[in-house]
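Taken together, the values in this text are just the output of simple stated rules run on the coordinates, not laboratory data. Just so we're clear, the structure is a prediction, and the values are computed from it rather than from any experiment. Here the Cβ positions follow ideal geometry from the backbone for every residue, glycine too, while neighbour counts run over all protein chains shown.
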Amino acid sequence: MTASTTDEQLLDRAWWKESVIYQIYPRSFNDTNGDGIGDIPGIIEKLDYLDDLGVDIIWLNPVYESPNADNGYDIADYQSIMDEFGTMEDWEQLLDGLHDRDIKLIMDLVVNHTSDEHEWFVNARDPDSDYHDYYIWKNGRADVGGFTGHLGPEDEAPPNEWESFFGGPAWAYDEDVGKWYLHLFDEKQPDLNWENPDVRDEIFEMMEWWLDKGIDGFRMDVINLLSKPDSVTKHDPPLNSTEVWETFDGPRMQEFLDTMHDRVLADRDVFALGEMMGRMDMETAIDYVGRDGPLSTLFHFDHVLLDHGGEIWETNEWTLNDLRDSFNRWQYGLAEDGWNSIYLSNHDQPRLVSRFGNDGEYREESAKLLATLIFTLRGTPYIFQGAEIGMTNYPFDSLDEFRDVETINPVRNALESGEIEDFDDIKHGLRHNSRDNARTPMQWDDSEHAGFTDGEPWIGVNPNHDEINVEAARDDEDSIWHYYRELMELRKDSDVSDVMVYGDYEVLINDHEEVWSYVRTLGDERLLVTLNFAEFESHTWIPEYEVDFNPHDMEAELLLCNYGADERATDVDAEAFDLRPWEARIYRLK
Ligand code: TEU
Ligand code: CA
């Protein structure tokens, strides 16, 4: 890997590369009217909190009108606000409040599908309507096995064998139409037909409408699913296709996003973040997010799939080597062109400290180590609400406690079919994997419902809120919360900010089983980051032969350590040193 020059790296400066993003899941952030559901006035109430924390961009999960089959990812009207969350006036006040504090706002853009309650879909059920062709309708096949029989007319199978991401067939039969419509997610989330130019026009106009209201960009939901494979678009019934993965990065994907870019994004300085499903090769990624690509950056799933099995209750063991390999692939893959998004959690993922760290004895240390990782890899860092206080997974005990379709649907199906006998057999896996872990309410204080609501919360509050909460974290100088602030200060407002954002990434001792170390370089500026992913002390060193400078001749100035700046951390010998359990250090090398 040849290091590019300082000038080359800084040529591509952008505000969204230098920003820290904070993700708000409104339903679980802060409730102001006691209905147990977070709302927009609740976010407004916490604007100073966000400002104090020091974040630059808020990504707001969907707040649009929705019957909430998938908590707002099933949109019934793209241009109005969900009643439960408030009004358009509330939303405008939120935007102003953020902008007053120099915080930008990006909105979720969910245009692979709508709700089945969207006016377009309601009309689409009439085959003579102009809206019919807004969705993907296909004839069934003769009974060929698979999902056959009970779902549609007798002796008719769904158009192909695709399984929805939320379990069951990806097609639903509509009696009035006499055909099946595609839904890659829930039945209540019919996929839009992007082959239809009217659909593209509507979406692009809607995007412009929001941008004209003053938002700063979009987080684009499952955006690489828009273009469906030829087996479906060109045939009716579709050609046989069993793998729903075939919907990733379809034939017209680049064209659709290029058009979106040219028509909507190009003339404005906005941030466009694409969520990309599947395991993508670097060429495709660079087509999307490289200098000439339509998007700013992307979310990929490489590292968050490591510990997931095939079913929602199945888990895999991950090792540090797996985790480092998946990040290495992207750090090196987008080193010359393109830009990464660095996240370890979001509303679809279990809590990072429970998953990649240790939520018991070393909760504080490991939460800080993971934060160090997020802020020192090359890319834009993301904080999902609650990570800044080290919130953990929830001790789910019964199916009733879950709210998420992605958990409930497949578990119900498996219980009904007898594939699993008893909930308790899969409890451990669901506790580990379920998206609901991320969705339990934000823990503000140690009061009954953690200060989230005066009413009954829509989903359980983690019982550990008596210890883990914002109030306690802000009061404690050594807390995870204050550590996040220190990281942000380093990244945004220090002598090493440029190297932290733009510096090249180079991994050291790539096969160390406990310690992940890397160097970030920008011209003469060098940072060394060293992280011990273990509950015990680990021995490590900086090998001369792996870097183009001699670390043993250099002085290492400690910038930050999750154990504090004690002698062990400040007085380091590059040839050999030991890291304490979950210890994280950042050095500046001179
Ligand atoms: O997520 C897409 C997606 O891939 C997840 O649903 C994935 O299946 C899950 O993270 C694995 O556990 C986006 C949204 O972020 C998600 O909330 C929506 O449910 C989904 O799209 C449909 O809109
Ligand atoms: Ca409310």
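Lys and Arg at +1, Asp and Glu at -1: add these up for the other residues within a Cβ distance under 9 Å of residue 534 and post the number. Residues close to residue 534 contribute a combined charge of -4. Dividing the mean sequence gap of close Cα pairs (under 8 Å, 6+ apart) by how many residues the range 391-459 holds gives a relative contact order of 35 percent. Projecting the Cα atoms of 367, 319, 380 onto the charge dipole of the range 300-421 (Cβ charges, centred on the Cα centre) puts 380 farthest toward the positive pole.
Couplings for the range 187-192, taken from phi via the Karplus curve 6.51 cos²θ - 1.76 cosθ + 1.60 with θ = phi - 60°, read 3, 8, 10, x, 6, 6 Hz in order; Gly and Pro are left as x. The relative contact order of the range 190-348, computed from alpha carbon pairs under 8 Å that lie at least 6 residues apart in sequence, is 19 percent.
Given +1 at the Cβ of Lys and Arg, -1 at the Cβ of Asp and Glu and no other charges, the dipole of the range 43-198 around its Cα centre is 520 debye to the nearest 20. Judged by the mean number of other Cβ atoms found within 10 Å, the most tightly packed of the peptides 92-105, 481-494 leads the ranking 481-494, 92-105. What share of the DSSP beta bridges in the chain is antiparallel, in percent to the nearest 5? Antiparallel bridges: around 65 percent, rounded to the nearest 5.
When a/c reaches 1.5 or more, the comparison of a/b and b/c decides; with that in mind, is the range 188-327 rounded, prolate or oblate per its Cα gyration tensor? It comes out oblate by the Cα gyration axes.
Put simply, the amide H of residue 77, placed in the peptide plane, has neighbours under 5 Å in 65, leaving out anything fewer than 5 places away on its chain. Rounded to the nearest whole Hz, the Karplus-based 3J(HN,Hα) values (6.51 cos²θ - 1.76 cosθ + 1.60, θ = phi - 60°) of the range 211-222 follow the sequence 5, 5, 6, x, 6, 10, x, 10, 9, 9, 5, 5, with x at glycine and proline. The residues packed around residue 18, meaning those with a beta-carbon under 11 Å from its beta-carbon, carry a net charge of +1 if Lys and Arg are +1 and Asp and Glu are -1. For residue 104, the residues whose modelled amide H falls within less than 5 Å of its own, excluding neighbours fewer than 5 places apart on the same chain, are 57, 58.
Would you mind getting me the FRET efficiency between residue 10 and residue 175? Use the beta-carbon distance for r and R0 = 56 Å, nearest 0.05. Here the calculated transfer efficiency is 0.40. You can think of it this way: the chain between residue 421 and residue 535 has 37.5 nm of extra reach, that is 0.36 nm per residue less the Cα-Cα gap. Along each principal axis, taking the top coordinate minus the bottom one, the Cα set of the chain gives 76, 52, 49 Å in descending order.
Given a cut-off of under 8 Å on Cα pairs at least six residues apart, what relative contact order in percent is computed for the chain?
Relative CO of the chain lands at 13 percent.
With the simple model of a label 7 Å out from the Cα in the direction of the Cβ, residue 325 to residue 89 spans 5.7 nm.
For the range 277-345, applying the loop criterion from DSSP together with a ceiling of 15 other beta carbons within 10 Å to the trypsin sites (Lys or Arg not before Pro) yields 279, 291. Against the main long axis of the alpha-carbon atoms of the chain, helix 320-333 sits at an angle near 80°. Using R₀ = 30 Å, calculate the FRET efficiency as 1/(1 + (r/R₀)^6) where r is the Cβ-Cβ separation of residue 100 and residue 495; round to 0.05. For R0 = 30 Å, the calculated efficiency reads 0.55. Taking amide H as placed 1.01 Å from N in the peptide plane, residue 135 has its amide H under 5 Å from the amide H of 193, each at least 5 places away in sequence or on another chain.
Between residue 282 and residue 482, the FRET efficiency from the beta-carbon distance, with R0 = 41 Å, is close to 0.65.
For the pair the range 407-455 and the range 548-590, the centres of their Cα atoms are 41 angstrom apart.
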